[in-house]
Amino acid sequence: MDLEALRTATLGFVETHKEWTPLIAGALAFCESVAFLSLLVPATVILLGIGALVGAADIAFWPVVAAAAVGAALGDWLSYEFGFLYKEGARRMWPMRRYPEMVARGEAFLHRWGAAAVALGRFFGPARAVVPLIAGIFGVDRLPFQVANVLSAIVWAFVLLAPGAGLLSYVQG
């Protein structure tokens, strides 16, 4: 199945089964945030489409945002724990070993910004899933990591879904 077919099928399912929208958004955000899954699942494009469906199909906005935020935070947490557990061994696993330049950029980013790199990295495609893994490898303290993780997941979910959902209509009412 190609990416366009996956996107079309997912959005069609969401439109038909509106009650599943929060769960689907959470699962997609999780996949987008896990270091290895993010390479396989075109979640950002689908989540943008879900945002548009929320606005057009009378789907409750805040449960979808909450589910996407939880999914994103859990995905980053899993990537962090994987890095924390495997340390340098994580660098030798696929896909990390195939993209050493991406790992080096993520490492430099983390060294420069510390735990704030987790929050900043969430908004930059490839860094979104790599920075939490690298934070785990380098043993960034869990509390600052989780604070940056959870707060940025909430903002990211809102920013991703709100434009399509009609930001003004939700802020006003």
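Only the coordinates and a few stated rules stand behind these numbers; no lab work does. The shown structure was predicted, so the numbers you read here are calculated from the model rather than taken from an experiment. With ideal geometry, Cβ positions are generated from the backbone for all residues, glycine too; neighbour counts draw on all protein chains shown.
Observations, loosely collected:
- q = 0.15, 0.16 Å⁻¹: log10 I(q)/I(0) that the Debye formula gives for the chain, counting C-alpha atoms only: -0.79, -0.87
- Angle in degrees between helix 125-137 and the longest Cα principal axis of the chain, rounded to the nearest 10: 40 degrees
- Where a label projected 7 Å from the Cα of Glu88 along Cα→Cβ would reach, residues of the stretch 95-111 with amide N under 16 Å: 97, 104
- Cα centroid of the stretch 8-39 to Cα centroid of the stretch 101-154, whole Å: 23 Å
- Phi angles of the stretch 17-34 translate, via the Karplus equation with coefficients 6.51, -1.76, 1.60 and θ = phi - 60°, into HN-Hα couplings of 10, 4, 5, 8, 4, x, 5, 5, 4, x, 5, 5, 5, 4, 4, 5, 9, 7 Hz per residue; Gly and Pro are given as x.
- Full-stretch length increase - Ala9, Ala60 - with 0.36 nm per residue and alpha-carbon distance subtracted: 16.3 nm
- When only Cα pairs below 8 angstrom with a gap of at least 6 residues are kept, the stretch 60-167 shows a relative contact order of 42 percent.
- Taking every DSSP helix (H) stretch of at least 4 residues in the chain, weighting each as -39,500 (n - 2.57) and dividing the sum by the residue count yields a mean residue ellipticity at 222 nm of -24500 deg cm²/dmol.
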